[in-house]
Amino acid sequence: MSNAKLAAFTAALVLAVSSHASAQSARAALKAPSHATRAQLVTWCKSHPKATADCKEVRADNRQIRSDRKEVLADHKEVKADIKAGDKKEAKQDAKELKSDRKDLRQDRKDRRGDVRDIRKDARK
C-alpha cells in the first residue's frame, strides 16, 4: 500500500470512530447506563425530572432503614441487658420488639430495592 492510501485509510478510520463515539455520547445523555454505579445513578437522578420522585422515595427509604437499624441495635442491647440482669419477662418482651423491628427493617430494605428498580427502569426508557 502506498503512503497516500494508508493515510486515507487511517483518516477514514479515525473519522468513523469519532463519529461513532459522539453518537454514543449523545445517546448516553438520554439514558442512564444499565450498569450504573450508585454515584452515577445519583447524578442521573438529579438531572432527569422523571426520576426525581423515585429518587426521593429511595432517600426516604434510606432514612427509614437508618432509623430501623438504630432501633434494632437498641433492642438488642436491651435484650442483652435484661438477660444479664436476670429479667426473663422483660427479655422476652424485648425479644418480641427486636423481632418486629427486624421485620420492619427487612420490609424497608425490600421497598428501597423496589424503588431502585423503578429508577433503573425509568433510566432505560
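Every number here is computed from the coordinates shown, using simple stated rules; none is lab data. In this text the structure is predicted, and so the values were computed from the model without any measurement. As a convention, Cβ positions derive from the backbone with ideal geometry for all residues, glycine included, and neighbour counts pool all protein chains shown.
Compute the Rg to Rh ratio over the range 52-114 from the alpha carbon atoms, using the Kirkwood formula for Rh, and round to two decimal places.
Here the Rg-to-Rh quotient is 1.17.
Calculate one ³J(HN,Hα) per residue across the range 98-109 by plugging θ = phi - 60° into the Karplus curve 6.51 cos²θ - 1.76 cosθ + 1.60, and present them in order as whole Hz with x for glycine and proline.
Using θ = phi - 60°, the values come out as 4, 5, 5, 5, 5, 5, 4, 4, 4, 5, 5, 5 Hz.
Using 1/(1 + (r/R0)^6) with R0 = 35 angstrom and r between the beta carbons of LYS70 and LYS121, what's the FRET efficiency to the nearest 0.05?
Given R0 = 35 Å and the Cβ-Cβ separation, E is 0.65.
Run the simple label-point estimate for GLN93 and ALA4 please: 7 Å along Cα→C-beta, distance reported in nm.
Distance between the two pseudo-spin positions: 9.7 nm.
Pulled fully out, how much extra length does the chain show between ARG59 and ALA85, if you take 0.36 nm times their separation in residues and subtract their Cα-Cα distance?
That pair, ARG59 and ALA85, stretches by 5.4 nm at full extension.
Suppose R0 equals 35 Å. What FRET efficiency, 1/(1 + (r/R0)^6) with r the Cβ-Cβ distance, do THR37 and ASP104 give to the nearest 0.05?
0.80
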